[in-house]
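Trainee: Could you have a look at this structure, given as structure tokens, before my questions?
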Amino acid sequence: MIGFLMAGDLARTSRFIARCQIASIGASMGGVETLIQQPALMSHHELTSAQRLAIGAYDNLVRLSVGLEDAGDLMHDLGQALAAGG
């Protein structure tokens with residue numbers, strides 16, 4: 001499990017996640033495939049922005065559960081999603 005903050009806001013982070021081709025959007029982070037999520041819009045969506053901020057579920061937080069895919073393929077996928085910009 002990897003968590004990281006994107007440079008940008010909620011919308012830019014959402015666009016990054018949407019551009020990922022190998023990592024699938026997943027509400028549950030268990031499984032053998034690579035899953036990605038934006039907690040502000042998924043697991044913590046019922047909280048206000050202030051409540052999310054207080055617990056560290058920032059709008060630009062990405063959670064990535066790395067699966068069994070080839071590491072090079074995953075790095076390329078994340079790289080192309082980042083390179084596409086916001």
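Trainee: If you go through the range 19-36 one residue at a time, do you hit one that is under 12 Å from the mean Cα position of the chain (by Cα), assigned to a helix (DSSP H, G or I) and either surrounded by fewer than 13 Cβ atoms within 10 Å (Cβ to Cβ) or charged (D, E, K, R) (or both)?
Mentor: Yes, the range 19-36 contains a residue that is under 12 Å from the mean Cα position of the chain (by Cα), assigned to a helix (DSSP H, G or I) and either surrounded by fewer than 13 Cβ atoms within 10 Å (Cβ to Cβ) or charged (D, E, K, R) (or both).
Trainee: With Asp59, Asp9 as the choices, which residue is in contact (Cβ under 8 Å) with a residue 12 or more places away in the chain, under 18 Å from Ala84 (Cβ atoms) and acidic (Asp, Glu)?
Mentor: Working: Asp59 fails: under 18 Å from Ala84 (Cβ atoms).
Answer to the check: Asp9.
Trainee: While we're looking at this one, here's another question. Take Ile2 and tell me if it is surrounded by fewer than 18 Cβ atoms within 10 Å (Cβ to Cβ), within 17 Å of Met75 (Cβ to Cβ) and either aliphatic (A, V, I, L, M) or in contact with a His (Cβ under 8 Å, 6 or more places away or on another chain) (or both). Spell out the reasoning first.
Mentor: Working: surrounded by fewer than 18 Cβ atoms within 10 Å (Cβ to Cβ): yes; within 17 Å of Met75 (Cβ to Cβ): yes; either aliphatic (A, V, I, L, M) or in contact with a His (Cβ under 8 Å, 6 or more places away or on another chain) (or both): yes.
So Ile2 passes the test.
Trainee: What number of residues in the range 40-79 are out of contact with any Asp or Glu (no Cβ under 9 Å at 6 or more places or on another chain) and either of a type in the set (Gly, Ala, Ser) or within 19 Å of Leu10 (Cα to Cα) (or both)?
Mentor: 22
Trainee: Need the failing condition index for Ser65 against (1) polar (S, T, N, Q); (2) closer than 14 Å to Leu78 by Cβ; (3) loosely packed, with under 15 Cβ neighbours inside 10 Å, just the number.
Mentor: (3)
Trainee: Sort through Ala7, Ala81, Ala40 and tell me the only one that's crowded, with 16+ Cβ neighbours inside 10 Å, in a loop (DSSP other than H, G, I, E, B) and aliphatic (A, V, I, L, M). So that I can check it myself, show each step before the final result.
Mentor: Working: Ala7 fails: crowded, with 16+ Cβ neighbours inside 10 Å; Ala81 fails: in a loop (DSSP other than H, G, I, E, B).
The conditions single out Ala40.
A short reminder: the numbers here are calculations on the coordinates, not readings from a lab. For clarity, every value in this text was computed on a predicted model and none was experimentally measured. Here Cβ is always computed from backbone atoms with ideal geometry, including for glycine, and neighbour counts include all displayed protein chains.
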